[in-house]
Amino acid sequence: MGLLIRNGTVVTAEKSFAADILVEGETIKEIRAGIAAATAHKTLDATGMLLLPGGIDAHTHLDMPFGGTTSSDDFETGTRAAAIGGTTSIVDFAIQGRGTKMRDALDTWWKKAQNKACIDYGLHMIVTDLGGAGLEDMDEMVKEGVASFKLFMAYPNVLMVDDATIFKALKQTSKNGALICMHAENGSVIDVIVQQALADGKTAPVYHALTRPTIAEAEAVNRAIALAEIAHAPVYIVHLSSEAALNQVREARSRGVPAFAETCPQYLLLSIDELKRPGFEGAKYVFTPPLREKENLPKLWDGLKDDNLQVVSTDHCPFCFEDQKVLGKDDFTKIPNGGPGIENRLHLLHHHGVNEGKITLNRFVEIVSTAPARIFGMYPKKGTLAAGSDADIVVWDPKAEHTISAKTHNMRVDYSMFEGFRVRGNARQVFSRGEQIVENGKYLGKAGRGSYLRRTARGGAWA
Ligand code: URP
Ligand code: ZN
Ligand code: ZN
């Protein structure tokens, strides 16, 4: 006896159809029209609702040290906000400190999440150092379910690694089946431009964007893909922000190269104009890569349509305006890089993508759930609605309207990048492994109920 969700429209990446969903324990038992109510101890009428697989945000930074401070959402506040917005799994980033072992970082991040995570969570490992037994450490991480690694081509002297390290890591993943996620910007060149700007007295937030040209992103994407090709490994470009960078991915994919890329709602919906806001307000939009000229926005939507971009994640990395962003009041390089968004990804993609006719409902599901599950080794446990899959189900009301605002959002941050955006479509109920955790904007579950997701390395299966 389980839970029966009746009369909804099931939406997967492939199709939409009228059906009931029977949940038993933590998994989906059956999906078909006309399941008898007597088979369940509890029923939920979903007439007029869409039934979506829980959202998967494959790029978040909770409780992350950066620039002398720490991102303001921890695993409890961040995952609670995510759940309320219809996301039931995240993949966050553990950071290997230089000269330390990846195992230490993994333990540290497990501790951060324990007793706090409200939804299921996986971890990528940020690699900063392959000295010593670094390559063996990568294999050990894969055995622990860390099926992906992030490398930085930016942030010199902090996170950036050289091409030799990138190439060695790519070669290792060609053997252990994991995936390299690349922060692709030419950090060395950007640093020269940044130092010149500071020497010229250009300290305002907008110079964060003006010192990071799109060609520095495109060059790094091109280089990342070239190194992956030499290593016979797939590569995944994170937070891709510009048409120039997208063109590099498109060209590689047209040749059959297993290059993948994500973008984020901010690059689809906001432009560099936000950084030009009066006073210091532009600091709210300082993250990396930066917001671009608005001509890029429709090109990124095209990329989502034609599958040269596979995923939309948030890169949720919130810092409060009043007491954290202010660290860079007199110097844009000291503004903590990052912005909030974990709660609103589905709202924004559904409204500006589906309602505005840019993507279909099925493509929406693919982008926010199915593709990240496949790419990051969680499918079909996560990322779809099917018998045997985890019962991560969002009962989505496609007509519910609300206005996004810091006054009402659940993220622990004092501003919203999407303040005043009116969106249609919202999560009415959210189930995570069969447990109802959200009812109309209220979190019902316990902190710490989320489980660590042991992800599977995909190996050569990149078709
Ligand atoms: O500005 C950003 N994106 N902060 C988070 C770290 C990263 O590079 O993803
Ligand atoms: Zn990054
Ligand atoms: Zn990030």
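Read the figures in this text as sums done on the coordinates, not as results from a lab. Keep in mind that this is a model prediction, so the values were computed, not measured. With ideal geometry, Cβ positions are generated from the backbone for all residues, glycine too; neighbour counts draw on all protein chains shown.
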Placing +1 on each Lys and Arg Cβ and -1 on each Asp and Glu Cβ in the chain, then taking the dipole about the Cα centre, the residue among L151, G55, I31 whose Cα reaches farthest towards the positive end is I31
Reachable aspartates and glutamates, given that their alpha-carbon falls under 18 Å from the alpha-carbon of K329 and they are not under 8 places away in the same chain | D200, E274, E281, D414
Row for region 54-380, column shape: gyration tensor on C-alpha, a ≥ b ≥ c, rounded if a/c < 1.5 i.e. under 1.5, prolate if a/b over b/c, else oblate; value rounded
Cut-off under 5 Å, modelled amide H: who pairs with R292 long-range = I272
Report ³J(HN,Hα) in whole Hz for each residue of region 291-303, in order, from the Karplus equation J = 6.51 cos²θ - 1.76 cosθ + 1.60 where θ = phi - 60°; Gly and Pro get x.
-> 5, 10, 4, 5, 4, 6, 4, x, 5, 5, 4, 4, x
Per-residue [θ]222 nm for the chain (sum of -39500 (n - 2.57) over DSSP H runs n ≥ 4, rounded to 500) | -7500 deg cm²/dmol
In nm, the gap between the two label points placed 7 Å beyond Cα toward Cβ at Q196 and T47 is 6.7
Relative contact order of the chain (C-alpha contacts under 8 Å, at least 6 apart) in percent is 23
Here the longest stretch of the chain that holds no GluC sites (Glu not before Pro) in a DSSP loop having at most 11 other beta carbon atoms within 10 Å is 15-294
Percent antiparallel among DSSP beta bridges confined to region 54-380, nearest 5, equals 5
Rounded to whole Hz and in sequence order, give me ³J(HN,Hα) for region 371-383 from the Karplus expression 6.51 cos²θ - 1.76 cosθ + 1.60, θ = phi - 60°, writing x for Gly and Pro.
-> 5, x, 5, 5, 5, 9, x, 10, 8, x, 4, 10, x
Euclidean distance between Cα centres, region 286-349 to region 176-231, Å = 15
Considering the options A113, T128, G99, tell which one lies farthest towards the positive end of the dipole of region 89-147, charges being +1 on Lys and Arg and -1 on Asp and Glu at the Cβ, about the Cα centre.
-> A113
Would you list Y155, Y285 from fewest to most Cβ contacts within 10 Å?
-> Y155, Y285
Reachable lysines from K150, Cα under 16 Å, same-chain residues fewer than 8 places away excluded?
-> K101, K168, K171
Extension length gain for D139 and K276 (0.36 nm per residue less Cα distance), in nm, is 44.8 nm
Multiply the residue gap between A18 and A386 by 0.36 nm, knock off their C-alpha separation, and tell me the result in nm, one decimal place.
-> 131.1 nm
Sequence of V192, V326, V368 once ranked by neighbouring C-beta atoms within 10 Å, starting from the fewest | V192, V326, V368
Helix axis angle, 134-143 relative to the chain longest principal axis, alpha carbon, degrees = 10
Which listed residue (S271, L297, G187) has the Cα farthest towards the positive end of the charge dipole for region 54-380, taking +1 on Lys and Arg C-beta and -1 on Asp and Glu C-beta about the Cα centre?
-> L297
Which of the trypsin sites (Lys or Arg not before Pro) found in region 12-66 are in a DSSP loop and have at most 12 neighbouring Cβ atoms, other than their own, within 10 Å?
-> K15
Of all trypsin sites (Lys or Arg not before Pro) in region 221-328, which ones are in loop regions per DSSP and have a Cβ with at most 15 other Cβ atoms within 10 Å?
-> R255, K294
Contour excess over end-to-end distance, with Cα ends at D330 and D302 and 0.36 nm allotted per residue | 6.3 nm
Given a Förster distance of 41 angstrom, what is the FRET efficiency for S188 paired with T408, based on the Cβ-Cβ distance and rounded to 0.05?
-> 0.45
Of K407/K446; K284/K334; K276/K325; K299/K358; K325/K442; K358/K381, which pairs sit farther than 18 Å apart, going by alpha carbon to alpha carbon?
-> K407/K446; K325/K442; K358/K381
Any residue on another chain or 5+ positions along whose placed amide H is under 5 Å from the amide H of A261 is listed here as I237, Q310, V311
1/(1 + (r/R0)^6) with r = Cβ-Cβ of D129 and S254, R0 = 35 Å, i.e. FRET efficiency to nearest 0.05, evaluates to 0.50
If we count other beta carbons within 10 Å of each Cβ, what is the order of H316, H59, fewest first?
-> H59, H316
Crossing angle, helix 187-199 versus the chain [Cα axis fit, 0-90 degrees, rounded to tens] = 60
Quick one: compute the contact order of region 1-84, relative version, from alpha carbon pairs under 8 angstrom and 6+ residues apart, as a percent.
-> 28
dims of region 262-399, Cα set, principal axes, largest to smallest, nearest Å -> 56, 29, 29
Relative to the first principal axis of the alpha-carbon coordinates of the chain, what is the inclination of helix 243-254, with its axis defined by its Cα atoms, in degrees from 0 to 90 and to the nearest 10?
-> 70
Note down the nm distance, to one decimal, between modelled labels 7 Å out along Cα→Cβ at A38 and at N176.
-> 5.4
Short version: ³J(HN,Hα) in whole Hz for each residue of region 10-17, in order, from phi by Karplus 6.51 cos²θ - 1.76 cosθ + 1.60 (θ = phi - 60°), x for Gly and Pro, what are they?
-> 6, 10, 10, 5, 8, 7, 10, 7
